[in-house]
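**Q** Before we start, here is the structure in question, set down as structure tokens.
The values are calculated or read from the model by the stated rules, or taken from the named source; none is laboratory data. Just so you know, these numbers come straight off a predicted model, no measurement behind them. No Cβ is skipped: glycine too gets one built from the backbone with ideal geometry, and neighbour counts run over all protein chains shown. Heads up: the accessible areas ignore ligands, DNA and RNA and are worked out on the full protein's heavy atoms, side chains in. Shrake-Rupley method; radii C 1.70, N 1.55, O 1.52, S 1.80 Å.
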Amino acid sequence: MSAGRHVYTLEEVREIHDLPLTQLVFRAQSVHREHQPPDAVQLCTLLSIKTGGCPEDCSYCPQSARHQAGTPAEPLMDESAVLEAASAAKAAGATRFCMGAAWRSAKTGDPFQRVLRMVSGVRELGMEACVTLGMLNQEQAMALKEAGLTTYNHNLDTSREFYGSIVTTRCYDERLQTLEHVSRAGIGVCCGGIIGMGESIDDRCRMLVTLANLQTPPESVPINALVPVAGTPLASRPAVDPFELVRMCGTARIILPAARVRLSAGRTSLSREAQMLCFLAGANSIFFGEKLLTTQNPDSDADLSLLRDAGLRPLGAQAGHEGHYHL
Ligand code: SAM
Ligand code: DTB
Ligand code: SF4
């Protein structure tokens with residue numbers, strides 16, 4: 001850890017998390033204004049480039065071959081179709097294109113070369129490129145860096161203590177090792193988690209402590225609310241209380257001031273007001289486009305209206321007069 005950086009403890013983070021919501025939002029907003037543009041929200045479009053049939057048993061995930069979510073297993077997409085989707089996302093206003101593969105770990109050989117070409121192609125469009133391919137070794141991370149990758153998404157998802165209750169086919173240390181390979185290659189780390197899986201508040205805070213204390217802190221932190229999918233072991237988990245998402249966004253903002261905090265899966269169940277509270281608490285990035293990987297996301301029009309009505313602008317767009325902006 002670099003000299004002078006604060007090392008967080010569970011107690012400290014829990015104290016922040018449990019502040020009266022008014023105080024938490026105020027503190028988060030104060031930090032936000034020092035480190036982030038106050039009126040910009042990053043729009044990231046997701047595409048599942050290799051869907052379903054995954055050998056892992058992550059109990060939240062509709063893409064695991066061990067569950068009965070009915071997600072058909074598909075081959076890795078063609079590069080041209082992926083780049084067409086990226087161009088469309090750019091035209092719609094997204095500045096980052098994120099590609100996800102239902103793999104335990106990144107492949108070698110032809111499929112990996114194809115992913116590298118997708119990454120370079122997205123960069124050539126002038127967009128940030130992010131991929132999430134499962135575990136990576138050091139050489140794969142270096143090859144992705146060489147291809148121009150901006151960030152690699154690899155979530156810790158929850159605390160080390162709770163991890164074994166949701167995934168048994170890999171362990172927390174393997175997740176941390178991939179994050180280290182990504183950082184060493186000089187790629188930005190995108191790492192966050194899911195709430196609403198039956199974890200305790202301490203588990204959520206422990207995950208945030210781990211993120212804040214990483215040698216290279218994440219450049220983006222996705223906060224997902226569980227999307228309970230029929231056929232997965234977590235299908236009947238109750239919906240997450242939106243205030244709990246606000247608390248997670250606010251706590252992440254305070255302890256990771258330089259990171260983009262992404263209000264991720266679960267937005268279709270949130271009102272505009274709940275989303276606005278998350279933005280007030282420091283969330284400044286969303287997934288943009290009708291689909292996440294296999295589940296629904298709000299319509300792009302609804303998201304653009306939400307931002308416009310709130311006087312916010314997509315990151316990368318120029319602020320204009322009276323809440324109008326140019327992409
Ligand atoms: N297979 C790779 C991996 O696990 O790292 C990449 C894809 S995986 C689908 C990416 C992330 O999606 C997971 O880490 C998890 O945070 C999120 N995710 C998957 N299913 C979800 C669900 N039902 N609700 C919320 N988030 C989910
Ligand atoms: C992340 O934290 N959330 C995204 C992205 N990273 C890859 C994925 C959400 C997936 C939600 C379930 C689905 O659509 O399959
Ligand atoms: Fe596979 Fe990733 Fe889904 Fe786990 S979260 S089952 S590794 S696609």
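**Q** As an exercise: evaluate L43 against (1) within 9 Å of ligand 1 (Cβ to nearest atom); (2) assigned to a strand (DSSP E or B) and give the number of the one condition it does not meet.
**A** Here L43 clears every test but (1).
**Q** Return only the number of the condition from (1) more than 16 Å from ligand 1 (Cβ to nearest atom); (2) open to solvent by less than 50 Å² (accessible area, probe 1.4 Å) that R117 does not satisfy.
**A** The failed condition is (2).
**Q** Another question, if that's okay. Hey, among the residues in the range 120-139 that are farther than 24 Å from L315 by Cα and open to solvent by less than 20 Å² (accessible area, probe 1.4 Å), which one's farthest from ligand 1 (Cβ to nearest atom)?
**A** Result: L136.
**Q** Right, next: Looking for something of a type outside the set (S, T, Y), more than 21 Å from the chain's Cα centre (by Cα), open to solvent by 30 Å² or more (accessible area, probe 1.4 Å) and away from ligand 2 (no atom under 15 Å from the Cβ) - is there at least one such residue anywhere in the range 53-62?
**A** yes
**Q** With the requirement that a residue be in contact (Cβ under 8 Å) with a residue 60 or more places away in the chain and either away from ligand 3 (no atom under 13 Å from the Cβ) or acidic (D, E) (or both), what does the range 69-89 give you?
**A** Those that are in contact (Cβ under 8 Å) with a residue 60 or more places away in the chain and either away from ligand 3 (no atom under 13 Å from the Cβ) or acidic (D, E) (or both): G70, A89.
Yes/no matrix, rows are residues, columns are (1) over 18 Å from the mean Cα position of the chain (by Cα); (2) open to solvent by less than 20 Å² (accessible area, probe 1.4 Å); (3) among the aromatic types (F, W, Y):
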residue	(1), (2), (3)
T268	no, no, no
F279	no, yes, yes
F288	no, yes, yes
K291	no, no, no
Q296	no, no, no
D303	no, yes, no
L307	yes, yes, no
A310	yes, no, no
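**Q** If I go through the range 53-92 residue by residue, how many of them are assigned to a loop (DSSP other than H, G, I, E, B) and out of contact with any Asp or Glu (no Cβ under 6 Å at 6 or more places or on another chain)?
**A** In the first step, residues of the range 53-92 are kept if they are assigned to a loop (DSSP other than H, G, I, E, B); the result is 53, 55-63, 65-78.
After this cut, where a residue has to be out of contact with any Asp or Glu (no Cβ under 6 Å at 6 or more places or on another chain) as well, the list is 53, 55-63, 65, 67-78.
Count: 23.
**Q** Here is a list: V7, V31, V41, V25. Which entry is of a type in the set (V, I, T), out of contact with any strand residue (DSSP E or B) (no Cβ under 8 Å at 6 or more places or on another chain) and under 26 Å from N297 (Cβ atoms)?
**A** V25
**Q** Just for the range 1-52: of the residues that are of a type in the set (D, E) and open to solvent by less than 70 Å² (accessible area, probe 1.4 Å), which one is nearest to D309 (Cα to Cα)?
**A** First, the residues of the range 1-52 that are of a type in the set (D, E): 11-12, 15, 18, 34, 39.
Those left that are additionally open to solvent by less than 70 Å² (accessible area, probe 1.4 Å): 12, 39.
Numbers: E12: 36, D39: 12 Å.
Among those that are of a type in the set (D, E) and open to solvent by less than 70 Å² (accessible area, probe 1.4 Å), it is D39.
**Q** For A147, work out the one condition from (1) within 16 Å of ligand 3 (Cβ to nearest atom); (2) touching a Ser or Thr at 6+ places or on another chain (Cβ under 9 Å) it doesn't fulfil.
**A** Tallying (1) within 16 Å of ligand 3 (Cβ to nearest atom); (2) touching a Ser or Thr at 6+ places or on another chain (Cβ under 9 Å), A147 fails exactly one: (1).
**Q** Could I ask something else about it? Residues that are open to solvent by less than 30 Å² (accessible area, probe 1.4 Å) and without any contact (Cβ under 8 Å) to a residue 60 or more places away in the chain: which helices (runs of 4 or more DSSP H) entirely in the range 143-256 hold 3 or more of them?
**A** 172-184, 201-212
This table checks each residue for (1) away from ligand 1 (no atom under 16 Å from the Cβ); (2) part of a helix (DSSP H, G or I); (3) free of Cβ contacts under 8 Å to residues at least 12 places away in the same chain.
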{"site": "V261", "(1), (2), (3)": "no, no, no"}
{"site": "A265", "(1), (2), (3)": "no, no, no"}
{"site": "T268", "(1), (2), (3)": "no, yes, no"}
{"site": "A274", "(1), (2), (3)": "yes, yes, no"}
{"site": "F279", "(1), (2), (3)": "yes, yes, no"}
{"site": "A283", "(1), (2), (3)": "no, no, no"}
{"site": "G289", "(1), (2), (3)": "no, no, no"}
{"site": "D301", "(1), (2), (3)": "yes, yes, yes"}
